[in-house]
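The values are calculated or read from the model by the stated rules, or taken from the named source; none is laboratory data. It should be emphasised that the depicted structure is a prediction, and the values quoted were computed from it without experimental measurement. Every residue, glycine as well, gets a Cβ built from its backbone with ideal geometry; the counts of neighbours run over all protein chains shown. With ligands, DNA and RNA removed, areas are computed over all heavy atoms of the protein, side chains included. Shrake-Rupley method; radii C 1.70, N 1.55, O 1.52, S 1.80 Å.
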Amino acid sequence: MTHSSNKYILLVVAAALLSACSITKKYERPSTISTDKLYRDQASADSTTIANMPWQTVFKDQKLNALIQKGLDQNLNLKNAIENIVQARATLRQTKLAYYPTLNFDANATRNKQSKAALNFPAGININTLTTTYKLGLSTSWEADIWGKLSSSKRAALATYLSTDAAKQAVQTQLISDIANNYFLLLSYDKQLEITKATLESRIKNVEVIKALKEGAIVTGASVVQSEANQHAAEVLIPDLKRSIRETENVLNILLGQASGPIERGTLSDQVIPEKIAIGLPAQLLENRPDVRQAEFNFRTAFETTNMAKTYFYPSLTLTASGGLSTLELKNFFDQSIFYSIIGGLTQPIFNQGLNRERLTNAQSRQVQAFNTFQQSLLVAGQEVSNALYAYEMAVAKEDSREKQIEALEKAVDFTQQLLEYSSATNYTDVLTSEQNLLAAQLSGVNDNLQKLQAVVDLYRALGGGWK
């Protein structure tokens, strides 16, 4: 390179260093992202949240905890999420290596045959030459990160890596939630089956009582038929409950990454939930919710991609060098056969401005989409917290009334059965109605309990619990 060329390159580099900061921008969370009023009808100033509790503490059932741990060890979706992290980490390492020059080794022998007629020898003389060139050399190339292209590429890869890590955490929190919810659903089916079997035994005995009353002319044959129908009404519930139990066990086995089989479990009545259900502040979702964090990292990736797209409008500075040994005679390979070259060059885009412009437009549009997705994920997170908390509150609100309803219906069944058996003050229709209402209330009571347990699980996941 000439002195004037060197001076020109230095001037360009100096100008680039002064203006690079205006080309690429540093990421900052947009001020338009707001967490105000994300929790409906909730204005707590307490930052305490169950999201910071380990899942082993939230769930007291050791059999459930064992299933969750097995799911974390074996679930196939979670394993794939971990592999995504491995891939993103490798990409991040590649972007870091772009800062360093490349180094290539070249060793070759070239045999060339050429007619001397091509070298302007007199007509009629056609002498062929045969030459062999031996070459051994190294070459290197390095691109200066003048406009921040490589830096933006590295930051984009880092954001992508962090996004995959957050995605893995989101899969983990969802997995814990799915295992817990299906476990509680399985326990509720067990309890409903237990209640239904007990009811069936009672109704079988009741059929015998009604038959005896008919023989005593206290009731008619219609009452006997009604009692038998009432017995069969309880019987037909059992196969459906057993099928639901089997299917829920199969769902759990898929979550655990294993073949279908029975699930070891406790009972619904043994379940204990945290004494205090604290939701913390809406702003904590930005740090606790893995899917919200993933959405922000995706936005950061798009932001840095836009930065890179801007740098294509400016010249790139590349330094290349090569050197080694080259000779026509192998015996003289190390004797005065050294060659080298050093080249510094600037490449300024001229005719591809349209391509660069469309690249930038595409990147900016994707950045807008990523920002919208980020906002949407935060809104959905707030909605899920609000829904889960309200579901929990409504389940708690029903507890006292449901207990009183069941207690009253149990008395109603006893009273109507006694009246039917010892007097004519009632008929079997009253007994039938009270028995049917009692079973429905008992099964609904199980569903109320399930709703409360699942609401706690959903709230724990919605707040971002389970991955820490």
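Annotation: of all residues in region 205-227 being of a type outside the set (A, V, I, L, M) and outside any helix (DSSP H, G or I), the one that is least open to solvent (accessible area, probe 1.4 Å) is 216. Scanning region 165-198 for residues that are β-branched (Val, Ile, Thr) and surrounded by fewer than 22 Cβ atoms within 10 Å (Cβ to Cβ) turns up 171, 195, 196.
Out of all the residues in region 137-157, is one or more farther than 30 Å from residue 319 by Cα and at pLDDT below 70? No; the residues of region 137-157 include none that is farther than 30 Å from residue 319 by Cα and at pLDDT below 70. Pairs are defined by a Cβ separation below 6 Å, a sequence spacing of at least 6 or placement on different chains, a first member in region 208-227 that is without any contact (Cβ under 8 Å) to a residue 24 or more places away in the chain, and a second member that is among the β-branched types (Val, Ile, Thr) and open to solvent by less than 60 Å² (accessible area, probe 1.4 Å); the pairs so defined are 211/224; 214/224; 224/210.
I want to confirm something. Restricting to region 73-86 and keeping residues that are part of a helix (DSSP H, G or I) and either of a type in the set (Val, Ile, Thr) or closer than 18 Å to residue 249 by Cα (or both), which single residue is most open to solvent (accessible area, probe 1.4 Å)?
First, the residues of region 73-86 that are part of a helix (DSSP H, G or I): 73-74, 76-86.
From what's left, either of a type in the set (Val, Ile, Thr) or closer than 18 Å to residue 249 by Cα (or both): 74, 76, 82, 85-86.
On the way: 74: 65, 76: 110, 82: 72, 85: 14, 86: 67 Å².
Among them, the one singled out is 76.
For region 48-67, the criterion of a residue being at pLDDT 85 or above and touching a strand residue (DSSP E or B) at 6+ places or on another chain (Cβ under 8 Å) is satisfied by at least one position. The residues in region 269-298 that are part of a helix (DSSP H, G or I) and more than 18 Å from residue 382 (Cβ to Cβ) can be counted, and the count is 4. Sort out which residues of region 63-72 are touching a residue at least 40 places away in the same chain (Cβ under 8 Å) and either of a type outside the set (Gly, Ala, Ser) or in a loop (DSSP other than H, G, I, E, B) (or both), and write them in order of number. Hits for region 63-72 are 63, 64, 67, 68, 70, 72.
Here residue 253 passes the criteria (1) open to solvent by less than 20 Å² (accessible area, probe 1.4 Å); (2) in contact (Cβ under 8 Å) with a residue 12 or more places away in the chain except the one numbered (2).
Looking across region 228-258, the residues that are part of a helix (DSSP H, G or I) and farther than 22 Å from residue 198 by Cβ come down to 247, 249, 250, 251, 252, 253, 254, 255.
Each residue in region 256-294 was checked for being of a type in the set (D, E, K, R) and either touching an Asp or Glu at 6+ places or on another chain (Cβ under 8 Å) or surrounded by 15 or more Cβ atoms within 10 Å (Cβ to Cβ) (or both), and 5 of them qualify. Hey, any hits in region 434-454 for a residue that's in a loop (DSSP other than H, G, I, E, B) and open to solvent by less than 40 Å² (accessible area, probe 1.4 Å)? No, because not a single residue in region 434-454 is in a loop (DSSP other than H, G, I, E, B) and open to solvent by less than 40 Å² (accessible area, probe 1.4 Å).
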